[in-house]
Amino acid sequence: AQSVSQHNHHVILSEAASLELGCNYSYGGTVNLFWYVQYPGQHLQLLLKYFSGDPLVKGIKGFEAEFIKSKFSFNLRKPSVQWSVTAEYFCAGTDFTGGGNKLTFGTGTQLKVEL
Amino acid sequence: DAGVTQSPTHLIKTRGQQVTLRCSPKSGHDTVSWYQQALGQGPQFIFQYYEEEERQRGNFPDRFSGHQFPNYSSELNVNALLLGDSALYLCASSLNRWETQYFGPGTRLLVL
């Protein structure tokens, strides 16, 4: 079965530090990958997505992710974090088996940025 | 343009009862998916509806059922509630069954 793994469950950073959150997937063929963010008290929001083409994708608020097919990875990066990006981050993927865009999520990474 | 809306926002039920949750997709979206998010976990796929039929289903028992209406809105029904059904239930919609899913705020269900 397809799976998505996030190995960092809790991350604490100081403001201005660089961020990299790991995500690995198990799909064997064509895959679409996503990062969603859930700010405290808010709903899941799309941060960025990879469908095809340039493996380096840019999202909102200065986030980017790189799709590395050989490593089955889709890590999220941000060069310098601010307190305002404290949130829970979810990696998700779909391979359209079953005829639809069912998403499989990782368990999430709780990011806390300290002032 | 309104996003995905869900009702109610919170709900408290007792074991054995039945519950119905509702979802209205974003304007122009015809596909609705439902997810269950337990505390500290990522969302788990329950099922997906388009053209008023269930098209994909996750590993959830038959106690979980749904419906999609001609206006693309959807309901999730859970029968014979168990304590373990306590979770945040998320609805997501997409332009079609291939495009990006956008999530609503969720309904938090507590089963006592």
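Observations, loosely collected:
- For region A:31-49, the tally of residues that are open to solvent by 20 Å² or more (accessible area, probe 1.4 Å) and within 11 Å of another protein chain (Cβ to nearest Cβ) stands at 7.
- Residue check for A:PHE34: at pLDDT 95 or above, under 19 Å from B:VAL4 (Cβ atoms) and of a type in the set (A, V, I, L, M, F, W, C): yes
- Scanning region A:4-22 for residues that are in contact with a Phe, Trp or Tyr (Cβ under 9 Å, 6 or more places away or on another chain), assigned to a loop (DSSP other than H, G, I, E, B) and within 11 Å of another protein chain (Cβ to nearest Cβ) returns a single hit, A:GLN6.
- Complete set of residues in region A:70-115 that are of a type in the set (Phe, Trp, Tyr) and facing chain B (nearest Cβ under 8 Å): A:PHE90, A:PHE96, A:PHE105
- The criterion of at least 3 residues that are within 14 Å of chain A (Cβ to nearest Cβ) and within 11 Å of the chain's Cα centre (by Cα) is met by the following strands (runs of 3 or more DSSP E) wholly inside region B:70-112: B:87-94.
The values are calculated or read from the model by the stated rules, or taken from the named source; none is laboratory data. In this text, all values refer to a predicted model and were calculated from it rather than measured experimentally. Using ideal geometry, Cβ is built from the backbone for each residue, glycine included, and neighbour counts are taken over all protein chains shown. Calculation scope for accessible area: heavy atoms of the full protein, side chains included, ligands and nucleic acids excluded. Shrake-Rupley method; radii C 1.70, N 1.55, O 1.52, S 1.80 Å.
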